[in-house]
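First the structure, in the form of structure tokens, and then the observations on it.
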Amino acid sequence: MRWLYHALPRSQADALLADAAAELRPASLDRDGFVHASYLPEAEASARLYVADDPVVLRIDPRRVPHRVEEASTPRGPMPHVHGPVPRDAIVATHELEALGALDRIVGTRFGFVAFEGMTLLDLVGVLDPVSRIASMGFDPASTCEVVSGTLGTSVWEGAGARLSVAKVRPNLGGYDVVILPGGPGARSLVRDTAFLRWLETYPKNRLAASVCTGALLWGAAGRLKEKRATTHASALDALRGLGAEVSDAPPRLVADAGTLTAGGVTAGLDLGLELARRFVGAEAARAIARQMELPSGFGA
């Protein structure tokens with residue numbers, strides 16, 4: 001994943017940065033349907049080409065953009081298009097043209113995994129294992145994975161003589177770039193747990209919400225899947241529709257929409273883990289992780 005850059009006059013940048021509730025809404029959004037952005041190699045040239053009045057360059061974190069980002073082929077190379085306004089929270093720095101530096105690839109993504117009593121262990125571990133390999137295999141050693149408790153108490157799963165305990169209980173979800181919810185029988189009761197849902201609602205709405213199996217019901221109950229394409233375990237598709245999601249009768253194992261990524265039944269956690277690796281460190285890294293895990297050829301493709 002790469003930083004996005006957008007140039008504009010200094011006066012406009014100053015006004016935007018002064019308002020924490022502001023959004024970047026250039027004229028191109030109404031005219032073309034998207035915000036024109038650049039990657040680092042073209043950021044300075046784009047600024048000089050399109051901004052005549054004292055240009056500066058905003059650096060944008062795509063992990064905090066709740067809209068589709070598409071890469072378009074242009075005569076000057078690939079250019080990212082952001083299909084919606086950019087929240088102020090996603091603008092992490094302003095750069096002078098002569099001091100853009102070398103910030104191109106994003107590192108240090110923080111993945112949070114929410115465990116709870118009554119979850120299906122494979123829902124959690126199936127996605128955690130491939131995502132943890134982003135760091136352990138050296139693709140981004142600064143990325144982190146942390147499992148936290150979504151229910152009260154640090155012991156969150158027990159079965160077959162084993163127990164899973166975690167260090168944190170309902171921490172501030174704003175500390176993560178991605179939050180992943182597993183499913184399981186316990187998810188059905190958490191859908192009605194207002195304290196748990198209020199905690200989920202503290203996760204910033206412009207960051208990626210992901211789930212495995214009936215974990216999607218929890219995001220749905222927290223209001224994150226309304227009018228968004230999503231999936232869950234086959235037995236819970238109607239329940240997910242009832243929470244406002246758009247669900248097909250035969251959804252694929254993995255369904256992506258703006259700001260959300262949901263996986264089907266329990267083994268689809270592996271698909272989700274590989275897709276997160278692909279998004280954050282690239283397709284070749286995801287393939288290498290799949291090979292290291294000795295997954296069948298084409299798994300998660």
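The values are calculated or read from the model by the stated rules, or taken from the named source; none is laboratory data. Quantities reported herein were computed from a predicted structural model and do not represent experimental measurements. No Cβ is skipped: glycine too gets one built from the backbone with ideal geometry, and neighbour counts run over all protein chains shown. For accessibility, only protein heavy atoms count, side chains too; no ligands or nucleic acids. Shrake-Rupley method; radii C 1.70, N 1.55, O 1.52, S 1.80 Å.
Remarks
- Hits in the stretch 41-54 - residues which are among the aliphatic types (A, V, I, L, M) and open to solvent by 30 Å² or more (accessible area, probe 1.4 Å): ALA45, LEU49, ALA52
- Residue count for the stretch 36-72, restricted to those that are of a type in the set (A, V, I, L, M), in contact (Cβ under 8 Å) with a residue 40 or more places away in the chain and either in a helix (DSSP H, G or I) or within 19 Å of LEU97 (Cβ to Cβ) (or both): 9
- Taken residue by residue, the stretch 103-126 has no member that is basic (Lys, Arg), in a loop (DSSP other than H, G, I, E, B), out of contact with any Lys or Arg (no Cβ under 7 Å at 6 or more places or on another chain) and closer than 23 Å to TYR203 by Cα.
- Qualifying positions in the stretch 73-95 - surrounded by 12 or more Cβ atoms within 10 Å (Cβ to Cβ) and part of a loop (DSSP other than H, G, I, E, B): ARG76, HIS83, GLY84, PRO85
- Pairs where the first residue, in the stretch 134-153, is of a type in the set (A, V, I, L, M, F, W, C) and the second is open to solvent by 70 Å² or more (accessible area, probe 1.4 Å) and part of a loop (DSSP other than H, G, I, E, B), C-beta under 7 Å, 6+ apart: ALA135/PRO141; ALA142/VAL107; VAL148/LYS168
- Scanning the stretch 109-165 for residues that are in contact with a strand residue (DSSP E or B) (Cβ under 7 Å, 6 or more places away or on another chain), of a type in the set (D, E, K, R) and surrounded by fewer than 17 Cβ atoms within 10 Å (Cβ to Cβ) gives ARG110, GLU146, ARG163.
- Among the candidates LEU274, LEU208, LEU243, LEU225, the residue that is farther than 26 Å from GLY84 by Cα and either buried (at least 19 other Cβ atoms within 10 Å of the Cβ) or among the hydrophobic types (A, V, I, L, M, F, W, C) (or both) is uniquely LEU274.
- Subset of the stretch 179-215 (residues that are assigned to a helix (DSSP H, G or I), touching a Leu at 6+ places or on another chain (Cβ under 8 Å) and over 22 Å from SER132 (Cβ atoms)): ALA187, ARG188, LEU190, PHE196, LEU197, TRP199, LEU200
- The requirement of being under 18 Å from ALA18 (Cα atoms) and not small (Gly, Ala, Ser) is satisfied by PRO87.
- Of all residues in the stretch 1-30, those that are under 23 Å from THR109 (Cα atoms) have Cβ atoms under 6 Å from Cβ atoms of residues that are open to solvent by less than 30 Å² (accessible area, probe 1.4 Å) and part of a helix (DSSP H, G or I), 6 or more apart or on another chain, in MET1/PHE280; LEU4/PRO62; TYR5/ALA43.
- Every residue from the stretch 245-301 that is more than 18 Å from HIS233 (Cβ to Cβ), touching a helix residue (DSSP H, G or I) at 6+ places or on another chain (Cβ under 6 Å) and of a type in the set (Lys, Arg): ARG278
- Filtered residue count, the stretch 147-173, keeping only those that are outside any loop (DSSP other than H, G, I, E, B), closer than 23 Å to LEU261 by Cβ and modelled with pLDDT of 95 or more: 4
- If the condition is being in contact with a helix residue (DSSP H, G or I) (Cβ under 6 Å, 6 or more places away or on another chain) and open to solvent by 20 Å² or more (accessible area, probe 1.4 Å), then the stretch 96-108 contributes only ASP104.
- Subset tally (residues that are at pLDDT below 95, under 16 Å from ALA209 (Cβ atoms) and of a type in the set (A, V, I, L, M, F, W, C)) for the stretch 257-267: 1
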